[in-house]
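The values are calculated or read from the model by the stated rules, or taken from the named source; none is laboratory data. Note that the coordinates shown come from a computational prediction; the quantities given were computed from them, not determined experimentally. Note: ideal-geometry Cβ built from the backbone for every residue, glycine included; neighbour counts use all protein chains shown. Only protein heavy atoms, including side chains, enter the accessible area calculation; ligands, DNA and RNA are left aside. Shrake-Rupley method; radii C 1.70, N 1.55, O 1.52, S 1.80 Å.
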Amino acid sequence: NKDDPFDGLDNDQDGYIDNYRGWDFGGKSGNGFGDKDPSYRSKHGVSVTGIAAATPDNMIGSAGVGFNCRYLPVKASPDNAPNAITHGYESVLYAAEQGAQVINCSWGGRVNSQFAKDIIDYVVEIKKSAVVAACGNAPADLRFYPAAFKNVLSVTNLHFQDTVCCP
């Protein structure tokens, strides 16, 4: 976000001070507004980002599938509980409001709520962002949200036997 450099001010007037590099909704403990450091401490988040957006032609590692795309770091978990998604839907909304065209949710759960559905519908139908979400980690016929919402592209992985990890 080049419109909001690190100077202690909300230069772009979006409600987030110094969100030049994205936003950390979880913050240190998940109880506050978050902070300007979306550094992720999970191998999973870093791996998914690399698959999507690793810089090509730099002689380092691999190239992401989104050739020369830009990515917006948004963290939805607190620093003290990196696997707990405490601000998932707020993070999705923030990404869309910042202009993200594709929003990845490598998370989800069994809870279906009108709040979550309303955010997904708004982000897809009004902001015109594509939302891609993990459908879960169980080989069972379960609904996993946000992947189970009608406006979301639900993705899964396959086991080495070419069987689906989740429905």
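Cross-link pairs exceeding 18 Å between alpha carbons, from the set K28/K75; K36/K127; K43/K150; K36/K117; K75/K150: K36/K127; K43/K150; K36/K117; K75/K150.
Report the semi-axes of the equivalent ellipsoid for the chain in whole Å, largest first, where each axis is √(5λ) for an eigenvalue λ of the Cα gyration tensor.
Semi-axes (√(5λ), whole Å): 26, 20, 16.
For the chain, the longest principal axis of the alpha carbon atoms and the long axis of helix 88-97 meet at an angle near 60°.
Relative to the longest principal axis of the Cα atoms of the chain, helix 43-53 runs at roughly 80 degrees.
Counting only helical runs of four or more DSSP H residues, what would the 222 nm mean residue ellipticity of the chain come to if each run contributes -39,500 (n - 2.57) and the total is spread over all its residues?
For the chain, the value works out to -5000 deg cm²/dmol.
Only protein atoms count toward the accessible area here, which uses a 1.4 Å probe; on the chain, the carbon and sulfur part of that area reaches 55 percent. The residue list Y71, H44, N19 was ranked by how far each Cα lies along the charge dipole of the stretch 1-86 toward its positive end, using unit charges on Cβ atoms, and H44 comes out on top.
Can you classify the stretch 82-129 as rounded, prolate or oblate using the Cα gyration tensor, where a ≥ b ≥ c are the square roots of its eigenvalues, rounded means a/c under 1.5, and otherwise it's prolate if a/b beats b/c and oblate if not? Write down the numbers at each step before the final one.
Details: a/c = 2.18, a/b = 1.36, b/c = 1.61.
Here the stretch 82-129 falls in the oblate category.
DSSP beta bridges confined to the stretch 12-167 are antiparallel in about 25 percent of cases.
Of interest is the spacing of the C-alpha centroids, which for the stretch 70-88 and the stretch 15-65 amounts to 8 Å. In this structure the stretch 96-137 gives 56 Å² per residue of accessible area when probed at 1.4 Å with all protein chains present.
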